[in-house]
Structure formats: C-alpha cells, structure tokens
1. List the number of the failed condition for residue 81; all other conditions in (1) over 17 Å from the mean Cα position of the chain (by Cα); (2) assigned to a helix (DSSP H, G or I); (3) surrounded by 19 or more Cβ atoms within 10 Å (Cβ to Cβ) hold.
2. Would you mention how many residues in segment 85-102 are more than 20 Å from the chain's Cα centre (by Cα) and farther than 24 Å from residue 45 by Cβ?
3. When you scan segment 311-334, do you find a residue that is farther than 30 Å from residue 259 by Cβ and in contact with a helix residue (DSSP H, G or I) (Cβ under 7 Å, 6 or more places away or on another chain), even just one?
4. For segment 117-143, enumerate the residues that are surrounded by 24 or more Cβ atoms within 10 Å (Cβ to Cβ) and farther than 23 Å from residue 71 by Cβ.
5. Does segment 6-26 contain at least one residue that is more than 24 Å from residue 245 (Cα to Cα), touching a helix residue (DSSP H, G or I) at 6+ places or on another chain (Cβ under 7 Å) and surrounded by 14 or more Cβ atoms within 10 Å (Cβ to Cβ)?
6. If only one of 223, 180, 162, 184 is in contact with a helix residue (DSSP H, G or I) (Cβ under 7 Å, 6 or more places away or on another chain) and loosely packed, with under 15 Cβ neighbours inside 10 Å, which one is it?
7. Being in contact with a strand residue (DSSP E or B) (Cβ under 7 Å, 6 or more places away or on another chain) and part of a loop (DSSP other than H, G, I, E, B) is the filter here; which residues of segment 31-55 pass it?
C-alpha cells in the first residue's frame, strides 16, 4: 500500500483543522431526523465546510486549516449556524441518548455502499458522532513522532472527551458508550508505535495482507497519519455539544503533537496498558485511573501533570475547566437528574446551539 506522494510540508506546520459530526434531530421530541440531504441543499457554505458523513441523520462540520484553535472553533460555530439557518436542529453527542436500535439510513454514495457491504448491520445500529483534530506536519518522519505522542495520550483524551453515557434510552454505565460501540469495527483502537515512516507503510501492507482495506483512509486507528492532507489526525473522540470543550480538546491535542514532534518519544507505552486504560477512560471518564509512567494514576492527576509540562499557541484553561467541572457525560447525567431523558435531549440541543464562549 503506497502513501506517496504525500502533502507533508505543503501547509503551515502545526496548523489545526477540526471536524465534528453532529446529529440531526426533530423537535419537539428530538428524535433522529434523516434529513441530511435536504439540509445540505440549503446550507450557504461549501461542501468543504459542511457535508455528509455516513448517516442521513448527521452532518459533518469542518474548519479549514487554521493558525489557531480559536479560529478553527469560530469556523465550526459558523458551520453550525449555517446548518441551523438551513432548518437543521443539531445535537452534539457521541450517540443519540434515546434512539431506537437500527433507526439508521445511510447516505447513498459509492463509499458508504462499500462500507455497508463490508460492515453489514454493524453500521446500521445507530449513528455515532466523533470529533477529529488535524495538525499540520512538515515531513513524514515528524508525523510518526507526533503519532507516537498522541498514541500515549489517547486514554487521557478519551476520558476528557467522554460525552455519551446514554444509549437506546438507558444509562450505559459508561461515560462514553460510543467508545464501546465503535470497537466492534475492525482495526479500531490504539495504533502501533511507529519506528519510522517506512514502518508505517509496513503496517498498511499488513492491513492489506489480512484482507483489510487498500485505502488508508479506511484504516480506523484512534490516531493516524493523513498523508493526503499533510497532517496527523486524532480521531474517535466523542463529539462535543459545547464548542468551548471542543476547542480545549483540540488545543490539548495540538500541544501534545507539538511536544512529540520536538521531543520524540523513545520507548513505546505498552500496547495492552493503553488498550485497558482506554477502556477505563471510556467507562469512568474523569473518575478513571489510567496508565502513566508505569503506574496506574487518576486521570485528573495525569491531566494536571501534562498541563504543567505543555507549551503551545493555544490556552489550555478549557482542559482545567473540564477537570474541575466535568465532561459532557457528567453534564448529561446532571440534566437527567433534573428532567429525565427529555431533559437530557433538551440540554444537548440547547448547548449545541449556544454561541462560542
């Protein structure tokens, strides 16, 4: 599987681009609304900024590559506003808290028809929504260093981003039920530690040798290089209803990438430690204990220690707020305590419609 030519070095090093997948719902009950095609006909932004994802009850809102996270978040806010102006009611959650199993309609395109043939009913269970962060890289080798830095931080990022405690009308007991949902897909989860760019290409060859995709964009690690865009991509965080939280997570990811690019990790964190810590983060959110420096440590402590070490262009106070005041999952459960499931749905729609803080 070839990844040449690539576009590393063509854009600004450490530029940031953000993609968010948002559910379309219908008031007053906020059930899933399979109206993506109709909304997109009326959206006043180009498809590069607002487009389909796999599900008709979902839109993907994107920023361009930006010099700052605040600029990228501003573009997401603009995209959300354009979708609302086109008649959409948006909900930012990893899963719809009360959707019925198999209430799914897929976008009709060659890519998603191919995906349906491969995944069968796995892709028809319920729409799921992620937040993706792209960071521009100067060259392939730096991209592998950045990947290794993201790899070690994935459990922390998963716990901070948890925003799907409910599925199919009930509390899953997890902070991110979406994380459990997507693990059923092949190739999901922690990426390998990359010794070099050639080693990355060998990993893609191994995917193909096992009958996996020849298209690297169908290799679904939780973080991956994106040679076609010249970036590394943090994938598979729960999407955020609150744009402030989305910006905080993007800023943290960018700072982690920058540190790893400038001070490459020398030794891999054990794969099994990361797999189990990632599960614990998805299960327990901020209350998780995860692997850190050879020990199991409270996730909050890992976050605070990392914030003390990181430098970057983006302020990271938003991460401190998440650690102090809770994740999206915590806010959903608080809303349920006040108003049951209708209160959760109303909270998510209202928070998703809120302007940039």
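1. With (1) over 17 Å from the mean Cα position of the chain (by Cα); (2) assigned to a helix (DSSP H, G or I); (3) surrounded by 19 or more Cβ atoms within 10 Å (Cβ to Cβ) applied to residue 81, the lone miss is (3).
2. Residues in segment 85-102 being more than 20 Å from the chain's Cα centre (by Cα) and farther than 24 Å from residue 45 by Cβ: 5 in total.
3. Step one: of segment 311-334, the residues farther than 30 Å from residue 259 by Cβ are 332-334.
From the residues that got through so far, the ones that are in contact with a helix residue (DSSP H, G or I) (Cβ under 7 Å, 6 or more places away or on another chain) too are 332.
Scanning segment 311-334 turns up at least one residue that is farther than 30 Å from residue 259 by Cβ and in contact with a helix residue (DSSP H, G or I) (Cβ under 7 Å, 6 or more places away or on another chain).
4. Applying the first criterion (surrounded by 24 or more Cβ atoms within 10 Å (Cβ to Cβ)) to segment 117-143 yields 127-129, 131, 133-137, 143.
Answer for segment 117-143, where residues must be surrounded by 24 or more Cβ atoms within 10 Å (Cβ to Cβ) and farther than 23 Å from residue 71 by Cβ: 127, 128.
5. Initial filter on segment 6-26 (more than 24 Å from residue 245 (Cα to Cα)): 6-12, 26.
With touching a helix residue (DSSP H, G or I) at 6+ places or on another chain (Cβ under 7 Å) added as a condition, the list becomes 6, 8.
Narrowing further to those that are surrounded by 14 or more Cβ atoms within 10 Å (Cβ to Cβ): 6, 8.
Checking segment 6-26: at least one residue is more than 24 Å from residue 245 (Cα to Cα), touching a helix residue (DSSP H, G or I) at 6+ places or on another chain (Cβ under 7 Å) and surrounded by 14 or more Cβ atoms within 10 Å (Cβ to Cβ).
6. Details: 223 fails: loosely packed, with under 15 Cβ neighbours inside 10 Å; 180 fails: loosely packed, with under 15 Cβ neighbours inside 10 Å; 162 fails: loosely packed, with under 15 Cβ neighbours inside 10 Å.
Just one listed residue meets the conditions, 184.
7. 33, 35, 43, 48, 49, 53, 54
Residue by residue, here is whether (1) modelled with pLDDT under 95; (2) on the phi < 0 side of the Ramachandran plot; (3) assigned to a strand (DSSP E or B); (4) out of contact with any helix residue (DSSP H, G or I) (no Cβ under 8 Å at 6 or more places or on another chain) holds:
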| site | (1), (2), (3), (4) |
| --- | --- |
| 119 | yes, yes, no, yes |
| 123 | yes, yes, no, no |
| 133 | no, yes, yes, no |
| 142 | no, yes, no, no |
| 157 | no, yes, no, no |
| 191 | no, yes, no, no |
| 195 | no, yes, no, no |
| 211 | yes, no, no, yes |
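The values are calculated or read from the model by the stated rules, or taken from the named source; none is laboratory data. Note that the structure is a prediction, hence the values are computed from the model and not measured. Methodologically, a virtual Cβ is constructed for each residue, glycine included, from the backbone with ideal geometry; neighbour enumeration extends over all protein chains shown.
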